[in-house]
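Right, one structure below, let's go through it.
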Amino acid sequence: MTGRAGTALLTLVVLFCLLTPMSSGYDPYLPDLERALLPPSPEHWLGTDQLGRDLLTRTATAGRTSLLFALAITTITTILGTLFGTAAGLAGGMPDRLLRLAATMALALPGLTLALALAGALPPGYVTVLAALVPLGWVNCGLVAHTATRRLVSADFVLAVRAIGASPLYLLRRTIGPHIAGPILTVATADFARALVAVTSLSFLGIGLPPPETDWGGMVSEATPLLVAAPRLAIAPALALAVTGLAVALVVDARHEPGHTPG
């Protein structure tokens with residue numbers, strides 16, 4: 001039940017972020033100072049921001065950026081983690097020890113602090129955010145893939161496939177891959193939530209995308225000086241982020257339920 005509720009809620013968030021900018025008729029980036037800080041009305045459901053931009057449209061557009069960034073980061077880290085983990089788990093020996101050492105070092109580092117240091121040394125932009133969050137983001141998926149692969153390498157069906165001369169690539173793609181897809185998907189879903197929070201945190205601290213591009217964190221940062229005069233400017237993106245986080249948490253929780261079958 002929680003999984004269905006989370007999936008439905010996340011679907012609504014995605015549809016809101018994709019469809020609202022196309023149907024509202026307002027430019028989320030074009031200022032209109034004559035309409036600055038208008039209260040909610042039938043014309044502007046959430047009112048306008050300090051530059052006269054429709055707040056509903058801008059929240060949806062910023063959400064689209066946040067979700068796409070988190071998805072891109074999660075996709076890259078999941079692919080890297082799966083490749084590293086399964087390869088080391090299948091090979092054993094030195095690759096196995098190197099993976100454990102790399103994961104231990106990565107887990108010992110303060111991830112967000114390191115990301116802030118890297119992002120602060122580079123100009124704001126898409127590449128900077130990716131470079132700040134990807135290097136340590138593969139660890140969780142890599143460890144899960146490694147553990148699952150190590151459990152499978154001694155299974156009878158894997159030994160039988162290896163005995164007939166199957167290549168390591170065939171083993172990973174056809175024999176081991178289908179059996180570890182469930183745990184990896186669960187970790188990737190949780191990593192998506194962490195990536196979303198990290199992306200918005202960087203933007204809130206002013207290290208994310210340069211204006212007028214923005215995401216939910218950037219919107220909250222822009223609204224901070226107006227928290228008393230117009231709190232809705234910060235509440236709208238913060239609430240959108242909270243709802244998205246809740247939806248992902250429900251999906252992850254459902255995948256950990258005893259009755260859930262991975263894969």
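All of the numbers you see were taken from the coordinates with simple rules; none came from a lab. Bear in mind that the values here come from a model prediction, so they are computed numbers and not experimental data. A quick note on method: Cβ atoms are made from the backbone with ideal geometry, for glycine too, and the neighbour counts reach across all protein chains shown.
Specify whether the C-alpha gyration tensor of the chain places it in the rounded, prolate or oblate class, a ≥ b ≥ c being the square roots of the eigenvalues: rounded for a/c under 1.5, otherwise prolate if a/b is larger than b/c and oblate if not. Prolate, because a/c is 1.5 or more and a/b exceeds b/c. Using the alpha-carbon atoms, what tilt in degrees (0 to 90, nearest 10) does helix 177-204 show relative to the longest principal axis of the chain? With both axes taken from Cα atoms, the answer is about 30 degrees. Other residues lying with their Cβ under 13 Å from the Cβ of Thr82 contribute a combined charge of 0, Lys and Arg counting +1, Asp and Glu -1. Remark: Ile176, Ile207, Ile235 ranked as Ile235, Ile207, Ile176, counting other beta-carbon atoms within 10 Å and listing the fewest first. Considering segment 192-235 at the alpha-carbon level, its Rg and Dmax are found to be 10.6, 34 Å. Each Lys or Arg adds one and each Asp or Glu takes one away; over the other residues whose Cβ falls under 15 Å from the Cβ of Gly206, this sums to -3. Descending by average beta-carbon neighbour count within 10 Å, the peptides 189-202, 88-101 line up as 189-202, 88-101, the highest first. Put simply, the Cα atoms of segment 1-75 extend 45, 27, 18 Å along their principal axes, the longest span coming first. The fewest-to-most ranking of His146, His44 by surrounding Cβ atoms within 10 Å reads His44, His146. Only DSSP H runs of four or more residues enter the estimate; each adds -39500 (n - 2.57), and after division by the residues of the chain the mean residue ellipticity at 222 nm equals -22500 deg cm²/dmol.
Between the beta carbons of Leu68 and Arg162, assuming R0 = 45 Å, the FRET efficiency works out to 0.65 to the nearest 0.05. In terms of its alpha-carbon gyration tensor, segment 163-263 comes out oblate; a/c meets the 1.5 threshold, while b/c is at least as large as a/b. Measure nothing fancy, just the Cα-based angle from helix 232-255's long axis to the longest principal axis of the chain, in degrees from 0 to 90, nearest 10. Rounded to the nearest ten degrees, it is 20. Assign one of three labels to segment 90-243, namely rounded, prolate or oblate, based on the Cα gyration tensor with a ≥ b ≥ c the square roots of its eigenvalues; rounded applies when a/c is under 1.5, prolate when it is not and a/b is larger than b/c, and oblate otherwise. Taking the square roots of the gyration eigenvalues as a ≥ b ≥ c, segment 90-243 is prolate.
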